[in-house]
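A short write-up of the structure that comes next.
No lab work stands behind these numbers, since they all come straight from the coordinates. It should be emphasised that the depicted structure is a prediction, and the values quoted were computed from it without experimental measurement. Methodologically, a virtual Cβ is constructed for each residue, glycine included, from the backbone with ideal geometry; neighbour enumeration extends over all protein chains shown.
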Amino acid sequence: MSAELAVVYAALILEDDNVEITADKLQTLVAAAGVEVEPIWFSLYAKALAGQDLKALLLNVGAPGSGPAVAAGGAAAGAAADAPAAEEKVEEKEESDDDMGFGKF
């Protein structure tokens, strides 16, 4: 088992028990599992997961509309419809090979 995976599993165990995720608690769980992990991983994961709701993150992975566009409602849908038109305009302005002198050969 990789070190990162062991720390992630420990974080999921803590979240499932509604226990605050701290570096010390992560380290205790990983040590109890008998997995050797460098100490830096515990503090990195504890900082990254501080204030996050892991249950909500796990339940919404891959869910349609889980991105920020849903929060904006209809305005985001209108902006998304305008995006392809903006991309087409950018492509029209690009120079062709002939304009740069490559067509002479």
Quiz item: For labels at Lys55 and Ser43 in the simple 7 Å Cα→Cβ model, what's the distance in nm?
Solution: 3.1 nm
Self-check item: Relative packing of 27-34, 5-12, which averages over residues the other C-beta atoms within 10 Å, highest first
Solution: 5-12, 27-34
Quiz prompt | Rel. contact order, % - alpha carbon contacts under 8 angstrom, at least six apart, region 3-59 | solution = 42 percent
Quiz prompt | Under 14 Å, Cβ to Cβ, from Ala33 - net charge with Lys/Arg +1 and Asp/Glu -1 | solution = -1
